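The values are calculated or read from the model by the stated rules, or taken from the named source; none is laboratory data. In this text the structure is predicted, and so the values were computed from the model without any measurement. Counting neighbours? That spans all protein chains shown, and the Cβs are built from the backbone with ideal geometry, glycine included. Heads up: the accessible areas ignore ligands, DNA and RNA and are worked out on the full protein's heavy atoms, side chains in. Shrake-Rupley method; radii C 1.70, N 1.55, O 1.52, S 1.80 Å.
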Amino acid sequence: MANMLAVIAAGDFSTQAVLAAEALRKAAATLGHTVTVELRSSLGIQTPLDAAAVQGAQGVLLVGSGEFGEERFAGLKRTVAALDAVLADARAVLESALGAGPAVIPVAAAPAAGASKAIVAITSCPTGIAHTFMAAEGIQQAATALGHRVRVETQGSVGARDTLTDAEIRAADVVLIAADTQVDLARFAGKRVFKSGTKPAINDGKALVERALKEATVHGEAGDAGSSPHLSDAVAAGKAERSAQRTGPYKHLMTGVSFMLPFVVTGGLLIALAFALGGIYVYEESNAGTLGYALFQIGAKSAFALMVPALAGYIAFSIADRPGIAPGMVGGMLAASLNAGFLGGIVAGFIAGYGVAFLNRHIRLHRNLEGLKPVLILPLLGSLLTGLLMIYVVGAPVAQALAWLSAWLKGMQGSSAILLGLLIGAMMAFDMGGPVNKAAYAFSTGLIASQIYTPMAAAMAAGMVPPLGLALATKLFADRFTKEEREAGNAAAVLGIAFITEGAIPFAARDPFRVIPALVAGAALTGAISMAIGAELKVPHGGIFVLPIPNAVTQLGGYIVALVVGTVVTAVALRVLKKPVAAVVEAGKATVAVV
């Protein structure tokens, strides 16, 4: 008599998992064997296998697709089977697992040689409840019936489940998107993608899969555009790589900052225009009814008022998906009302995100009631948790910390201001869009909510210097750069004036030990000058295009001087540190000759 183990990973198909487990037990009893089954579904792990069961087993049967925890089964014979194969003939599956058949059991009659394809799919609907999972089930059943391998990620209202891995995406022959909502396709650049709604997947999954295999087109192929496509591609690749490297709290914070920026930019520009039209007292009630007063209400009382809630809400969204948005925004509103500012918004976002994620993992409902979680249970409990902690525990201490920081920054003069400008400028240029750059930028942007604008001015000017300095150096000191780099200098100039620091990444990647110190030197000097003259910037992006707007930046003349000085210093430093290209080539040839 053999003692077998089985792990059934069924995702949202919990009912089929239970039926498969019972079928395996009956088949094992008929054959005179025993089988111990662990169920893994959207309801969690049921009847988990313990260490004693693993030690006494002759083999393990892995049914379905997903995470099996295979590291537990080192040394055991493993057999893979599809869920439908077990439901169709559990006895045959067990016999194969015991050595009477192949190690990998197909779901249905195999198609012609070489016809089996690897399919990855995403399903999503506006409510994220019924149609999302019905479409997923339709695609899974249709693909397996046609003899294809399939993995489906559901983007429901409780967040993404069975998330596709990078390896699965790379190995896929086609990507099938069955969604009635917008799905981010950035992961699938270069893959064959077919898009449809959820109804075709529900009504006729086989026809949809066949169409996808025939009609899918390659996603992400872009034609050449602009004067320097090579630099644009390199910058895009660098930004994508940096984005992929963001993980954990850093990724969540940057998500919140990115969603907050449109509110800051819009609010800052509208406030600047209001002051330009109505003077510095445009917000007083005596100016009610004027265009300037209306613009101030839109910018300061609406757009700026949403900065901290957006920051907190989308930090929570990054952690807990859509169920985290409401608790995060509620926490952000409380942070603003408690005078905890952007620091309170950050804290509220993380409390809401991790709190909702915890609740989502531990609250288990029947599948038919799952729709209550994202619209009722998680927003309610998450908002209660976040709100009570903000009011009774976190809000007051964070507000005091922000008040101290604000007073210190507003009172900063002389050498202290210059040192802060040097630090912000150096950080902006050090990794050009990486964690150090983003830390300085997030700090400066967040302070706008507390009406502290000098760090933002230093950050933007310093962030423009690296690509502008490189562009100038390619013109003045062309012998230090290759032909391709000289051509890319034009595009770098455009990126620089638009405050896209990543335009310097391709240059730095080729010669980091000479280029990065030059960039840091110029940017740090620009940041120091900006802080020394007390320049303020009310708009956190836009480069030189926001400078002509009245009141968007103070000390405009000195601010432009700071930008020009940093750019020139960077170019000169590049001239000193980089060797002429001809000398580098000759040195390389000499090295090859010696070898």
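If the condition is being closer than 15 Å to residue 562 by Cα and surrounded by fewer than 22 Cβ atoms within 10 Å (Cβ to Cβ), then the stretch 445-498 contributes only 497.
Residue-wise test of (1) in contact with a strand residue (DSSP E or B) (Cβ under 8 Å, 6 or more places away or on another chain); (2) under 22 Å from residue 134 (Cβ atoms); (3) open to solvent by less than 70 Å² (accessible area, probe 1.4 Å); (4) not aromatic (Phe, Trp, Tyr).
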residue: 4; (1), (2), (3), (4): yes, no, yes, yes
residue: 10; (1), (2), (3), (4): yes, yes, yes, yes
residue: 53; (1), (2), (3), (4): yes, no, yes, yes
residue: 60; (1), (2), (3), (4): yes, no, yes, yes
residue: 64; (1), (2), (3), (4): yes, yes, yes, yes
residue: 67; (1), (2), (3), (4): yes, no, no, yes
residue: 72; (1), (2), (3), (4): no, no, no, yes
residue: 76; (1), (2), (3), (4): yes, no, yes, yes
residue: 83; (1), (2), (3), (4): yes, yes, yes, yes
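Is there a residue being touching a Gly at 6+ places or on another chain (Cβ under 7 Å), at positive phi and modelled with pLDDT under 85 anywhere in the stretch 158-180? Scanning the stretch 158-180 turns up at least one residue that is touching a Gly at 6+ places or on another chain (Cβ under 7 Å), at positive phi and modelled with pLDDT under 85. Listed conditions (1) open to solvent by 20 Å² or more (accessible area, probe 1.4 Å); (2) free of Cβ contacts under 8 Å to residues at least 24 places away in the same chain; (3) assigned to a helix (DSSP H, G or I) are all met by residue 45, apart from (3). The requirement of being within 29 Å of the chain's Cα centre (by Cα), crowded, with 24+ Cβ neighbours inside 10 Å, polar (S, T, N, Q) and not in a loop (DSSP other than H, G, I, E, B) is fulfilled nowhere in the stretch 513-528; no residue meets it. Taking first residues from the stretch 281-292 that are touching a residue at least 12 places away in the same chain (Cβ under 8 Å) and partners that are hydroxyl-bearing (Ser, Thr, Tyr), the Cβ contacts under 9 Å between residues at least 6 apart in sequence or on separate chains come to 282/290; 282/293; 283/293; 292/283. Show the residue pairs that are 6+ apart or on different chains and have beta-carbon atoms under 6 Å apart, the first residue being within the stretch 415-440 and over 12 Å from residue 524 (Cα atoms), the second being among the charged types (D, E, K, R). Close Cβ pairs (under 6 Å, with a partner that is among the charged types (D, E, K, R)) amount to 432/502; 433/242; 433/502; 434/242; 437/431. Residue pairs whose Cβ atoms lie under 7 Å apart, separated by 6 or more positions or on different chains, with the first residue in the stretch 542-555 and at positive phi and modelled with pLDDT under 80 and the second open to solvent by less than 40 Å² (accessible area, probe 1.4 Å) and part of a loop (DSSP other than H, G, I, E, B), are 542/499.
Taking the criterion of being under 26 Å from the mean Cα position of the chain (by Cα), open to solvent by less than 80 Å² (accessible area, probe 1.4 Å) and closer than 25 Å to residue 254 by Cα, would at least one residue in the stretch 395-408 satisfy it? No - not one qualifying residue is present in the stretch 395-408.
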